[in-house]
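Structure first, commentary second.
Here, each number is a calculation from the coordinates, and none is a lab measurement. What you are looking at is a predicted structure, and each value in this text was computed from that prediction instead of being measured. Neighbour counts are summed over all protein chains in view; Cβ atoms, including those assigned to glycine, are modelled from backbone coordinates with ideal geometry.
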Amino acid sequence: MHRHLLGLLIVITTLLSGCSDDVDIYEPDPLVDIENQFETETLWETSVGDGVIDVTATLNPVYAYDKIFVADNSGVVAAINPENGKHFWTQELEVQIGGGPAVANGLVVVGTQAGEVIALGAEDGVEKWRKSVSSEIISSPAVGEGFVAVTSVDGRMTAFDAETGEQKWFYDQIIPALTLRGNSSPIIAGGGVIAGFSNGKIAVFILQNGQMAWDKTITQAVGRTEIQRLVDIDIRPQIAGANIYVASYNGNLVSLDARNGEVQWQRELSTHQELNVSELLLLVTHENSYVSAVNRDNGLILWTQKDLHRRRLTAPVSVEDYVVVADFEGYIHWLSRKDGSMLSREHLDSDGVSSVPLVIDDKIILLSNSGTLYAVKKK
């Protein structure tokens, strides 16, 4: 069986299963009845393309230049007014988008499942350049400091000049024979590119020339079977101050010194969802859809919400005094930031939500699997 097809089956299986050495498919836990402490309202909604066909693609809305930028699998990229949901512009690329958008340097950049990197003008959506890479892209590119960096599913990272699209350098990483279908989205910060790989390593590269500054294995592959030995880093590293936070599947949540990769703390925690840095907290959705708040200084878990077990939650986001996640049936769940208790639940879209919610002031922007973009807020 093709490595990536098998990887897709593993993603589906693990999303439906709990943390165990045996891969069993379970139904998600039924929702626990709650009495809403407050209600929410939908401020606006707008259609963006045909929606999410491949849930392993990384298609998360981004806020920049006073606009919401969003893409869908069918090739639609749009800039949306956050106040009313009206489209500033819409571009139909007629390719399957697997990662993006990433927005900076006046560009909106997406990666395609045909192995292309496409840069559009943020102001008008006009295509600036299009370049090919070595294989499919299913993670968001990174844009910043005059560069575009992208990781493809074969483990190669490629860097381009943001203005011209000229390839500046690439790096090949040896990846295991079997991996999850997913990639870590790189980040550009402080003259470097930070990325995680499917072999459980995180690395920092000098942006100008691609030279590796350091790398660190955050999870060692252990176990007798290839499935047990999966240690993919499929999430975007997060940087806050002098620390980098990253986590892997079947592995650890780790805080690293950004200067040299020295481990500050680590704890066992498996996830394939993005981390959220919120003041002194790290907010984490576990592989089994538990949600936890972790102390950024020492890695101690402050609380864990277990009532949404196996509901295929999105990454968590923080808005005011709340932590918000959405699930595969299209419910939005509001948790207490203080202790993780369930405060409110509303149904939004029967096709479900898999993209990371976006917070703009007191509004939460959600892209449903149906291709509808919603703006929601607490009443």
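Things worth noting here:
- Using R0 = 56 Å, the C-beta based FRET efficiency linking Asp257 and Leu43 works out to 0.85.
- Answer label, with Cα extents along the principal axes in Å calculated from the coordinates and candidates (1) 76, 51, 43; (2) 56, 51, 43; (3) 67, 56, 36: (2)
- Fully extended contour minus Cα-Cα distance, from Glu320 to Glu346, at 0.36 nm per residue: 7.6 nm
- Fully extending the segment from Gln208 to Glu127, taken as 0.36 nm per residue of separation minus the present Cα-Cα distance, adds 26.7 nm.
- Label zone (His87, point 7 Å along Cα-to-C-beta; backbone nitrogen cut-off 19 Å) within region 365-379: 366-375.
- Residue order, fewest to most beta carbons within 10 Å, for Thr271, Thr314, Thr217, Thr46: Thr217, Thr46, Thr271, Thr314
- Linear extension gain, Ile301 paired with Thr217, 0.36 nm per residue minus alpha-carbon span: 28.0 nm
- Distance from region 276-347 to region 44-104 (C-alpha centre basis), Å: 25
- Förster-model FRET efficiency, 41 Å R0, Glu94 and Val359, C-beta, rounded to 0.05: 0.85
- Per DSSP, loop GluC sites (Glu not before Pro) in region 39-137 with at most 11 further Cβ within 10 Å: Glu39, Glu94
- A run of the chain free of exposed loop cleavage sites, with chymotrypsin sites (Phe, Trp or Tyr not before Pro) counted only in DSSP states other than H, G, I, E and B and at most 16 other beta carbons within 10 Å, reaches its longest extent at 66-379.
- Cα-based reach from Lys201 at 26 Å (exclusive), listing lysines while leaving out same-chain residues under 8 positions away: Lys168, Lys216
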